[in-house]
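S.K.: Before I ask anything, let me first share the structure, which is written out below as structure tokens.
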2 protein chains.
Amino acid sequence: MTEFIPAGTRFHELPELAMKRGGVLRGARLAYETWGTLDPNRDNAVLILTGLSPDAHAAANATNAEPGWWEAMLGAGKPIDSNRWFVICVNALGSCKGSTGPASINPDTGEPYRLDFPELSLEDVADAAASVVASLGIERLACLIGNSMGGMAALAYLLRNPGSGRSHINISGSARALPFSIAIRSLQREAIRLDPAWSHGRYDEVHYPEAGMRMARKLGVITYRSALEWDGRFGRVRLDSDRRDDEDPFGLEFAVESYLEGHARRFVRRFDPNCYLYLSRSMDWFDMAEYAPDGGDVLAGLATLQVERALAIGVSTDILFPLQQQEQIADGLRAGGADATFLPLPSPQGHDAFLVDIARFGPAVAEFLGAVRR
Amino acid sequence: MTEFIPAGTRFHELPELAMKRGGVLRGARLAYETWGTLDPNRDNAVLILTGLSPDAHAAANATNAEPGWWEAMLGAGKPIDSNRWFVICVNALGSCKGSTGPASINPDTGEPYRLDFPELSLEDVADAAASVVASLGIERLACLIGNSMGGMAALAYLLRNPGSGRSHINISGSARALPFSIAIRSLQREAIRLDPAWSHGRYDEVHYPEAGMRMARKLGVITYRSALEWDGRFGRVRLDSDRRDDEDPFGLEFAVESYLEGHARRFVRRFDPNCYLYLSRSMDWFDMAEYAPDGGDVLAGLATLQVERALAIGVSTDILFPLQQQEQIADGLRAGGADATFLPLPSPQGHDAFLVDIARFGPAVAEFLGAVRR
């Protein structure tokens, strides 16, 4: 399978990884990038865990000058200041941007894993990331930052590595998936699986589930942004006639349809469908309530986590990870003894606001990190 | 094509219908049902225009004792009281529940219209409904009630038939589609069209776009209900193991997935895919701003409508026809001289609340109708 690895990506060979839901992963690796310099006493490390689709190239760095997916947030003098922090961003286990996942070669067979990849949990994603951090000689992170799926994986990281992070920023994350989000992701997975070209995961570059991936991505983009933003951005604007196919009675007509089409085209051949299925399902499965003592609730599960300071940021227009989920994270971490703050932001851009509304997210992140001791 | 016509449905043969976007429909008919008795002076008629999928059987009546889709709302002593009102409900032009649409036989060819059906607008849906009303000898409706798509068609009805309604209840409707709703519907249509069995509309019972219809329906149900309702109703409940297929690694696992699957199964063979495409597209096209004098806005378009009293009801959890759209309808009708009220309801059930939250919708409708003169 094609993998999509940014230039300059570094790799960490993982030791044998016992997966949460069973099976052992051997010979796997994790892709990561770094920014800034690790202090001699190794106390200035910041780890970023990403959403479902990004690679490890969060921003331009010494090995790759191309802008990254969080370019405005990370770098010298930026909110996550690489003059001050040694920043690590990993590509999630199970992804296809350099880390081992269902699209990678199974060393036991010499063929891609496809659906033979063991069932993936966000706990496994966290364990693999923790292995990268340990390999760099870092015992304790100054701050663990997780966005979206990475916000869930960050909670798993704190759970499986007690005392591993002095502080934590959880951005548009959740402690467990709620049924609306499960329904959306289930439908995205179904779109891929219903595409005859998916072939139970045995597609190739020629017979590829393009239609299913297109549907999944469009549904994703619809739920990543917000109706409010689109009212102002697209309204009812029509495409120019030269961009319409008048032979197709149900073809693209409105600007918003063209926007979705563009997003889908850029994505469908740049992300492996089986990896998408695995990562998507891992989000549905994750539930901090599993870790509550004595069958307690999700807050009790969160309260088992050890972190000194925490900031949970959410956005009022997010329909996929709604605001009450970030409030719950702050409440739960506070119940566990953290100095935890919940910060709701009025961004119009929905779930993806952290990628684009740097005017709101930048100062919030900078202020929190500014108070983190070195 | 199979049509799905409730027992006891009546039919009105339409005169030649000049379609808004071009073409003439000949030999078409509209399915409708009635409740109650028309007064000798014909001033107690109430017309109900439906959402996309319902038939004309809104409730049990003399010709069909089966419960209808609005059973709790319509009948003797109910909020729409058939002891007082002569109630008509029509199946929309373009649908497949007895009215002529893309699944019907084209009299010119003896074959189903399929994609040769002329482009359908909600203005055409309104014209066809008005023809039924006229055929019953009714010059002026006591009240015109429209739900969802029917709320849009009701505005078209008032537009094309000035003075045709003394009062109007618009339920979870809108004066024009916004980009989020367009995006959702566009994706539903794409799911059907991407299904190879759709065959540009030339499917049959054997080669049928079942996967596409399943996707479209599930996406519909997700946007018809609300995340809030599902949190309480489903949470993270798993299906019992005997209802799961452990051979399918991405099969149904959560109760919410099973709920969607059940809805999809009941729908996919009970609604014609081409009819779905036509009606869905007609909602995207409708825009009251087209009718504003001197290129005015949507409020100016609404202000051209003539009605004495109006009630626009919406629901705070509706993401498909959000509350500001019903407020806009009330504002616009008021600007046109109507005594118009906007009633936002805190129903947790989202867009479909009018079908299920009778505790809130029933009294609101009953109170409004109670003040309508006969």
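S.K.: Can you compute the radius of gyration and Dmax for the protein assembly as shown, using only the Cα atoms, both in Å?
M.R.: For the protein assembly as shown, the Cα radius of gyration and maximum Cα-Cα distance read 28.1, 96 Å.
S.K.: Next up: Give the order of A:123, B:290 when sorted by the count of other beta carbons within 10 angstrom, beginning with the fewest.
M.R.: Exposure proxy ranking, most exposed first: B:290, A:123.
S.K.: Counting only other chains, what is the mean number of Cβ atoms within 10 angstrom of the Cβ of each residue in peptide B:172-185? Intermediate values should be presented prior to the final figure.
M.R.: Working: counts 0, 0, 0, 0, 2, 2, 8, 18, 11, 3, 9, 13, 4, 1.
So the per-residue partner count for this stretch is 5.
S.K.: Taking the Cα centre of chain A as the origin and placing charges on Cβ (Lys, Arg +1; Asp, Glu -1), which of A:46, A:372, A:278 is farthest toward the positive end of the dipole?
M.R.: Value computed over the given set: A:372.
S.K.: What is the Cα radius of gyration of the stretch B:45-157 over 2.2 N^0.38 Å, N being its residue count?
M.R.: Values: Rg = 14.7 Å, N = 113, 2.2 N^0.38 = 13.3 Å.
That ratio works out to 1.11.
S.K.: Skipping prolines and chain starts, which residues have an amide H placed within reach, meaning under 5 Å, of the one on residue A:339, given they are 5 or more residues away or on another chain?
M.R.: For residue A:339, the qualifying residues are A:309, A:310.
S.K.: Ranking A:50, A:341, A:63, B:34 by Cβ neighbours within 10 Å, fewest first, what do you get?
M.R.: Listing A:50, A:341, A:63, B:34 from fewest to most nearby Cβ atoms yields A:63, A:341, B:34, A:50.
S.K.: To the nearest 20 Debye, how big is the dipole of the protein assembly as shown about its Cα centre, given +1 on the beta carbon of each Lys and Arg and -1 on that of each Asp and Glu?
M.R.: I would put it at about 760 debye.
S.K.: Starting from 0 in steps of 5 Å, tell me what percent of the Cα-Cα pairs of the stretch A:181-278 lands in each bin.
M.R.: P(r) over the stretch A:181-278, rounded to whole percents: 2, 13, 20, 20, 17, 15, 9, 4, 0.
S.K.: Let me ask something additional. For the stretch A:246-288 and the stretch A:90-167, what is the centre-to-centre distance using only Cα atoms, to the nearest Å?
M.R.: The distance from the Cα centre of the stretch A:246-288 to that of the stretch A:90-167 comes to 24 Å.
S.K.: Quick one: net charge of residue A:280's neighbours, Cβ under 10 Å, K/R +1, D/E -1?
M.R.: Here the count lands on +2.
S.K.: Report the normalised scattering of the stretch B:313-352 as log10 I(q)/I(0) at q = 0.17, 0.22, 0.27, 0.34 Å⁻¹, calculated by the Debye formula with identical scatterers on the alpha carbons.
M.R.: -0.42, -0.62, -0.80, -1.05
S.K.: Sort largest first and round to whole Å: the equivalent ellipsoid semi-axes of the stretch B:75-123, each the square root of five times a Cα gyration tensor eigenvalue. Before the final figure, lay out the partial values.
M.R.: Working: eigenvalues 226, 24, 11 Å².
Taking √(5λ) for each eigenvalue gives 34, 11, 7 Å, largest first.
S.K.: Taking chain B as a Gaussian network, Cα atoms linked when under 10 Å apart, which of B:322, B:209, B:363 shows the biggest mean-square fluctuation?
M.R.: B:363
S.K.: Around residue A:142, what is the net charge, scoring Lys/Arg as +1 and Asp/Glu as -1 over all other residues with Cβ under 10 Å from its Cβ? Present the calculation step by step, with values, prior to reporting the outcome.
M.R.: Values: positive: A:42, A:84, A:140, A:166, A:373, A:374; negative: A:39, A:43.
Overall, the nearby charge balance is +4.
S.K.: Here is a follow-up. Let me know the volume per residue of the alpha-carbon convex hull for chain A, in Å³.
M.R.: Convex hull of Cα atoms, per residue: 141 Å³.
S.K.: Just to confirm my understanding: which cysteines in chain A have no other cysteine beta carbon less than 4.7 Å from their beta carbon?
M.R.: A:89, A:143
S.K.: Next question, about the same structure. Collect residues whose amide H, placed 1.01 Å from N in the peptide plane, falls under 5 Å from the amide H of residue B:141; neighbours closer than 5 in sequence don't count.
M.R.: Excluding prolines and chain starts, which carry no amide H, the hits are B:165, B:166.
S.K.: Sort A:279, A:52, B:136 so that the residue with the fewest other Cβ atoms within 10 Å of its own Cβ comes first and the one with the most comes last.
M.R.: Working: A:279 26, A:52 19, B:136 15.
Lowest count first: B:136, A:52, A:279.
S.K.: Taking H placed 1.01 Å from N in the peptide plane, check which residues at least 5 places from residue B:345 or on another chain put their amide H under 5 Å from its amide H.
M.R.: B:314, B:315, B:316
S.K.: May I ask you to derive the relative contact order of chain A, considering only C-alpha pairs under 8 Å and at least 6 residues apart, and to give it as an integer percent? Working shown, then result.
M.R.: Working: 834 pairs, mean separation 66.3, N = 374.
Dividing the mean separation by the residue count of chain A yields 18 percent.
S.K.: What list of ³J(HN,Hα) values in whole Hz, one per residue of the stretch A:23-31 in order, does the Karplus curve 6.51 cos²θ - 1.76 cosθ + 1.60 (θ = phi - 60°) give from phi, with Gly and Pro shown as x?
M.R.: x, 10, 9, 10, x, 8, 9, 10, 8
S.K.: Quick check on the protein assembly as shown: helices-only [θ] at 222 nm, where DSSP H runs of length 4 and up contribute -39,500 (n - 2.57) each and the sum goes over total residues. Nearest 500, please.
M.R.: Counting only the DSSP helices, I get -10500 deg cm²/dmol.
The numbers here are math on the coordinates, done by the rules we state, and not lab data. Computed from a predicted model, the values in this text were never measured in an experiment. With ideal geometry, Cβ positions are generated from the backbone for all residues, glycine too; neighbour counts draw on all protein chains shown.
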